[in-house]
1. Using a simple charge model, +1 on the beta-carbon of Lys and Arg, -1 on the beta-carbon of Asp and Glu, nothing else, what dipole does the range 141-312 show about its Cα centre, in debye to the nearest 20?
2. Pairs of alpha-carbon atoms within less than 8 angstrom and 6+ residues apart define the contacts here; what relative contact order does the chain have, in percent?
3. Tell me, which longest segment in the chain has none of the GluC sites (Glu not before Pro) that fall in DSSP loops with at most 13 further Cβ atoms within 10 Å?
4. Among ILE291, PHE510, VAL454, whose Cα lies farthest out toward the positive end of the dipole of the chain, if unit charges sit on the beta carbon of Lys, Arg (+1) and Asp, Glu (-1)?
5. From the cross-link list LYS174/LYS229; LYS66/LYS128; LYS74/LYS318, which pairs have alpha carbons spaced over 22 Å apart?
6. If I take every Cα pair under 8 Å that is 6 or more residues apart in the range 141-312, average their sequence separation and divide by the length, what percent do I get for the relative contact order?
7. Kirkwood Rh, Cα Rg: Rg to Rh for the chain?
8. In deg cm²/dmol, rounded to 500, what helix-only [θ] at 222 nm does the chain give when every DSSP H run of at least 4 residues adds -39500 (n - 2.57) and the total is split over its residues?
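Nothing in this text is a laboratory measurement; each read-out follows from the coordinates by a stated rule. Note that this is a predicted model, so its numbers are computed, not measured. Virtual Cβ from ideal backbone geometry, glycine too; neighbours counted across all protein chains shown.
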Amino acid sequence: MKRFGEITETWNPVIGCLHACVYCVTGDSLVLTADLIWKPIREIEVGEEVVGFSEQQTHGYRYLEKAVVINKVKRRKRRVFLVKGERTSIKTTEDHVWLVKRRGGGDEGEKLVFRKTRQVAKWGYPLKFISEPIPPPEFTTEYMKGYIAGIFLGDGSIRYYPHKRSFLTRLAMKDSEALTRTIEFLNRLKIGKNLKISTHKTETSILRKIESWSRGVYDGVLSIIERKKPTPDYMKGFLAGLYDAEGSYSCSILRISSHDEEVKKRTIEYARAFNFNFVSEERGIRLVGGISEGLRFFALTYPAIKRKKAGIFGKSVKFALDEYVEVEKDDIETVYDITTSAGTFIANGLLSHNCWARRLAAKLASMGVQPYAERDFAPTLVPWRLDRRFSRRSFVFVCDMGDLFGDWVPRDWILRVLENVSRNRSASFLFLTKNPKRYREFDFGDNVVLGATVETNRHLRGISRAPQPVERLEAMARLDHRYKALVIEPILDFDLSLLVYWVRRIKPVFVVVGYDNYGHKLPEPRLEKTMELIDELSEFTEVRCRTLRKAWYEEASSDR
């Protein structure tokens with residue numbers, strides 16, 4: 001049988017991965033959504049939009065952007081650490097990754113790097129903090145009344161025509177979100193029935209409006225506006241309604257336009273109750289405090305119109321504050337992680353990251369290495385790498401920066417890679433995937449080793465969204481190819497007889513065995529059990545050992 005030696009080089013004609021391996025925080029951690037409200041991570045759903053930030057720097061800075069949640073994982077019984085600062089705190093695993101400010105020279109942008117919780121604990125890096133996490137307001141009766149008051153004072157018309165004995169209540173705007181919310185609130189407050197949004201054309205635009213000639217609607221809205229003793233919920237609703245009517249966010253400045261001095265005075269008074277500092281200008285009032293206070297305003301009051309909040313996106317995080325923290329060991333808890341299209345999200349006000357390979361891609365992007373500079377870690381075919389030539393004795397690891405046989409990889413991309421493999425008949429190639437069932441869709445030559453990563457024979461929860469290990473083992477056993485390999489790394493606890501049985505069925509030319517290198521405290525086996533596995537496998541195949549050590553819990557026991 002042909003002997004395959006150690007890997008001599010890597011080749012990445014396709015990059016990117018969507019298996020979504022995870023780093024975690026506890027379920028009550030608040031994530032900033034794209035609607036600029038904070039939501040517990042346990043309630044975040046796949047497909048939902050959140051606020052992320054660019055991994056790679058552009059002109060020395062990272063920028064806020066929308067990101068789509070592409071995976072969510074729940075992991076049970078993980079040791080967590082309490083990361084506590086002056087402005088915020090969060091419970092997280094020791095491997096979770098944060099944007100921090102390193103020491104040393106360079107401009108502010110160059111000092112921002114990604115570090116794990118345990119590195120923060122060891123070296124005291126300040127985490128980057130962008131805004132106070134605040135649960136969104138509840139739509140209480142008082143909030144709804146405040147919203148109605150604010151929006152009608154800003155854009156409404158409430159008029160009585162004595163000669164006609166008519167009572168007009170009208171609200172005209174461009175954006176339907178605020179009108180829809182207004183109708184909902186009026187209905188819930190039992191002010192008017194069967195109100196609808198109609199269209200009103202002007203010379204320059206199309207306005208949408210709510211209009212009523214009912215005395216009941218007129219009296220109901222007027223009584224709400226004239227409220228004398230506002231509650232906190234009423235003030236939150238008022239600020240949200242007035243912002244939907246007259247607010248704007250541009251150049252990192254939040255403004256509310258109004259020429260009515262009474263409205264300006266009332267708004268400043270309500271805002272002061274929540275420690276917002278608005279200053280009066282000729283055409284309205286302006287919020288002091290930049291992005292941080294703007295995000296706090298949106299989260300606390302929750303305006304309806306998304307267009308008027310979208311100015312946050314594209315803003316630099318250079319104004320994010322330094323949050324010096326203490327890290328303490330805490331309890332064992334259920335933890336969650338989301339994987340986003342940006343590879344980043346904001347948790348409890350702290351700038352957070354996921355996926356080591358994405359971080360490496362971001363680093364390469366910052367160095368100008370293509371295609372990472374343009375495509376980051378999105379699945380990408382790299383055409384200029386397809387014609388690469390390899391020397392006679394090369395053993396090439398194909399796509400170590402992605403999974404070539406992931407379900408998201410187009411068939412045409414794989415065929416183009418295999419064309420070059422067939423042209424380099426004198427070299428040998430190793431393919432490695434967590435989705436080996438796709439191997440059966442293609443033809444491979446004798447210069448190819450088809451490998452699969454299989455951490456255990458047991459069912460996995462919360463490690464990644466790749467196919468379960470038993471599915472991978474079954475696919476490899478059914479695969480009719482001369483040269484196969486298994487990579488049991490990072491090794492997780494297993495059933496010795498069953499795992500040996502599967503390896504015998506697969507008949508690999510070699511098996512790689514190794515422990516986790518990144519301190520993730522995975523459910524790994526004792527070293528003695530791993531050595532027993534290696535001994536049994538060595539009787540019928542070659543075993544290549546990588547990192548072999550005691551399980552993390554064995555080391556902890558010996559320290560005591």
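1. Numbers: 31 positive and 19 negative charges, 103 e Å.
Dipole magnitude for the range 141-312 comes out near 500 debye.
2. Rounded, it is 21 percent for the chain.
3. On the way: sites that count: GLU6, GLU45, GLU86, GLU138, GLU203, GLU226, GLU282, GLU539.
By the stated rule (loop sites, at most 13 other Cβ atoms within 10 Å), 283-538.
4. ILE291
5. Details: LYS174/LYS229 31 Å; LYS66/LYS128 18 Å; LYS74/LYS318 32 Å.
Pairs exceeding the cut-off: LYS174/LYS229; LYS74/LYS318.
6. Numbers: 296 pairs, mean separation 46.1, N = 172.
Once divided by the residue count of the range 141-312, the mean separation gives 27 percent.
7. Numbers: Rg = 29.5 Å, Rh = 27.1 Å.
Radius of gyration over Kirkwood radius for the chain works out to 1.09.
8. Helices in the chain give a 222 nm mean residue ellipticity of -8500 deg cm²/dmol.
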